[in-house]
Amino acid sequence: MATHFSPCSSSSTNFLPSSCFKNETTVLFSRFAVTVPRKSTWVTQIHSRIQGRKHFHIKSSNGHPLNAVSLQDGLDGSPTAKEHDKSQGKEKPAIPISEAEKEESTLSITVVGASGDLAKKKIFPALFALFYEDWLPENFTVFGYARTKLTDEELRNMISGTLTCRIDQRENCEDKMDQFLKRCFYHAGQYDSEGDFSELDNKLKEKEAGKVSNRLFYLSIPPNIFVDVVRSASLGASSLNGWTRVIVEKPFGRDSESSGELTRCLKQYLTEDQIFRIDHYLGKELVENLSVLRFSNLVFEPLWSRDYIRNVQLIFSEDFGTEGRGGYFDNYGIIRDIMQNHLLQILALFAMETPVSLDAEDVRNEKVKVLRSMKPLQLEDVIVGQYKGHSKSGRSYPAYTDDPTVPKDSRTPTFAAAALFINNARWDGVPFLMKAGKALHTRRAEVRVQFRHVPGNLYKRNFGTDLDKATNELVLRVQPDEAIYLKINNKVPGLGMRLDRSDLNLLYSARYPREIPDAYERLLLDAIAGERRLFIRSDELDAAWALFTPMLKELEEKKIVPELYPHGSRGPVGAHYLAAKYNVRWGDLSSDDS
């Protein structure tokens, strides 16, 4: 049975003390927020110094300058911040700083949970890639923090095996790697120890050498110690004269109640602008290109509605099982792990109205509107499955419950399909079908847009009874082999009239031979720049959980048994019946998409 957690309770029992440290709130909040010394001299100095200076032009993925100081980060809780808000009006995301300013500031990145797989496989390699491509500021250091006892050299040895250069393999690759590793340091400590974080603070100050210190904490840790770390860091290691930001990895709770409680506890010590909830799918190239494709091409925008689109499919599949992660996965399941975040975020980007601008708040406002317009998910519109053992070609594949970390009687779904609807003028009646699963026949993540049939199609007799063959379909393949292709009908050359379904194909590897940056690179770069467009806001998270929580509770209360499907198959048969209920055929099942 999935365990329910309370984010504000102590990690030794559940999370942190249930009081959420109410008596310490004001002190901790102002401590973790940026402390403005002596009547906002830091703010006024920045305003005066940026005048007439040459700007540093490294930018985030949204075009904002990279070396920028956010005047709102951590200031909301102070009287100075309120004065600034009144005098300046709406806060700008960032103010570019000059070359002189660049020399006077430092960036310290602390990876909390540095000995874990995510840190070793994704975060450190992403930081090195940014350094390798000269995206990081000149003055930066990287600290690993975990309970494991390591020296600086042992950390460097641990992560060096995961660092790779871009495929162009420049001659200075090894030199850049050595330079990066020399900037990596380690501090061992407990996650709930203010004293250990104070020791980290001393090490950070030593490296910062009196410059303006901007600090980014990446929480690559289990969710049950998020608040422990934030509390300890706020007391012991926050910046006193620059910004402090915290990247939080999913899961953000497991239902509306736990997610809301986690948010409330984090906000005891952080402002909303300091919290960067990361969903790495939002950093993937094809997801980023979704809005470009729609809003920058006249051929698509007029078609982007119920008038021309018959259904939209969001498909995620992995060709492997839990493979040792069963203990973690069994607490959440595929719906919480993939559908409620990755796929729903893509859906919101796909379906949103045109934002006023590309500023973070404008984009996120439109996403929230979509989520709030959606009909709460009904149990009758959901199919759940679980993979079972299977033998093929003399090889045996284990069942989900064969994982030693999974209970033998587990009902946790490893597969789910759902039909969602948006109750607004643009999308009324259009089914948005989601499908996500483990241990399926292939690995893929894609968005498929099936357009309506051509009214009075002169050539429909050439397709016989299979009208789906005559349907235009736009496919955005997020992974693997990133591509955008449009299925169209055309005449096969020759005598007679024989029609064929062909692809207008943009295969990224052919058009853009340069390696595509990893999603974590883009998101880390944006967090450093203070660009929040690709991160999840708290009201956005609330709206997402409101869609799924009633259905998830009903699923667990009624003890719905998942439909079994063979390891390596296309998933449970029930998913096809769900699609057929809305007169839809899954687009990834045709022979040319296998």
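Before moving on, here are some points about what is shown:
- The single condition among (1) assigned to a strand (DSSP E or B); (2) modelled with pLDDT of 80 or more; (3) over 27 Å from Gln378 (Cβ atoms) that Ser502 does not satisfy is (2).
- Within region 506-519, one or more residues are open to solvent by less than 60 Å² (accessible area, probe 1.4 Å), assigned to a helix (DSSP H, G or I) and more than 25 Å from Ala419 (Cα to Cα).
- Count of region 520-538 residues which are open to solvent by less than 20 Å² (accessible area, probe 1.4 Å) and not in a helix (DSSP H, G or I): 6
- Val230 vs. criteria touching a residue at least 40 places away in the same chain (Cβ under 8 Å), closer than 26 Å to Asp117 by Cα and either basic (Lys, Arg) or in contact with a strand residue (DSSP E or B) (Cβ under 8 Å, 6 or more places away or on another chain) (or both): yes
- One residue stands out in region 429-457 among those that are touching a Gly at 6+ places or on another chain (Cβ under 9 Å), of a type in the set (Lys, Arg) and assigned to a strand (DSSP E or B): the one that is surrounded by the most Cβ atoms within 10 Å (Cβ to Cβ), namely Lys435.
- Among the candidates Ala348, Ala399, Ala425, residue that is within 22 Å of the chain's Cα centre (by Cα) and not charged (D, E, K, R): Ala348
- All positions within region 239-253 that are farther than 18 Å from Gly530 by Cβ and of a type in the set (Gly, Ala, Ser): Gly253
- Residue in region 513-523 that is small (Gly, Ala, Ser) and within 30 Å of Phe320 (Cα to Cα) present: yes
- Whichever residue in region 184-238 is within 23 Å of Phe131 (Cβ to Cβ), in a helix (DSSP H, G or I) and charged (D, E, K, R) and, among such residues, is modelled with the lowest pLDDT: Glu208
- Residue in region 305-312 that is part of a strand (DSSP E or B) and open to solvent by 30 Å² or more (accessible area, probe 1.4 Å) present: yes
- In region 262-299, the residue that is farthest from Ala527 (Cα to Cα) out of those that are open to solvent by 40 Å² or more (accessible area, probe 1.4 Å) and part of a helix (DSSP H, G or I) is Phe295.
- Restricting Ile159, Ile109 to residues that are within 28 Å of Asn241 (Cα to Cα) and surrounded by 23 or more Cβ atoms within 10 Å (Cβ to Cβ) narrows the list to Ile109.
- Every condition in (1) open to solvent by less than 50 Å² (accessible area, probe 1.4 Å); (2) in contact (Cβ under 8 Å) with a residue 24 or more places away in the chain holds for Ser502 except the one numbered (2).
- Filter pass, Arg452 being modelled with pLDDT of 90 or more and either out of contact with any helix residue (DSSP H, G or I) (no Cβ under 6 Å at 6 or more places or on another chain) or among the β-branched types (Val, Ile, Thr) (or both): no
- Ile560 meets each of the listed conditions (1) assigned to a loop (DSSP other than H, G, I, E, B); (2) surrounded by fewer than 19 Cβ atoms within 10 Å (Cβ to Cβ); (3) at pLDDT below 90 apart from (3).
- Residue count, region 566-575 (criterion: touching a helix residue (DSSP H, G or I) at 6+ places or on another chain (Cβ under 9 Å) and open to solvent by less than 70 Å² (accessible area, probe 1.4 Å)): 1
- Scanning region 245-260 turns up at least one residue that is open to solvent by less than 10 Å² (accessible area, probe 1.4 Å), farther than 30 Å from Ile334 by Cβ and in contact with an Asp or Glu (Cβ under 7 Å, 6 or more places away or on another chain).
The values are calculated or read from the model by the stated rules, or taken from the named source; none is laboratory data. This structure is a prediction, so every number in the text was calculated from the model and none was measured. Positions of Cβ are backbone-derived with ideal geometry, glycine not excepted, and every protein chain shown enters the neighbour counts. In case anyone asks, the SASA skips ligands and DNA or RNA and just uses the protein heavy atoms, side chains included. Shrake-Rupley method; radii C 1.70, N 1.55, O 1.52, S 1.80 Å.
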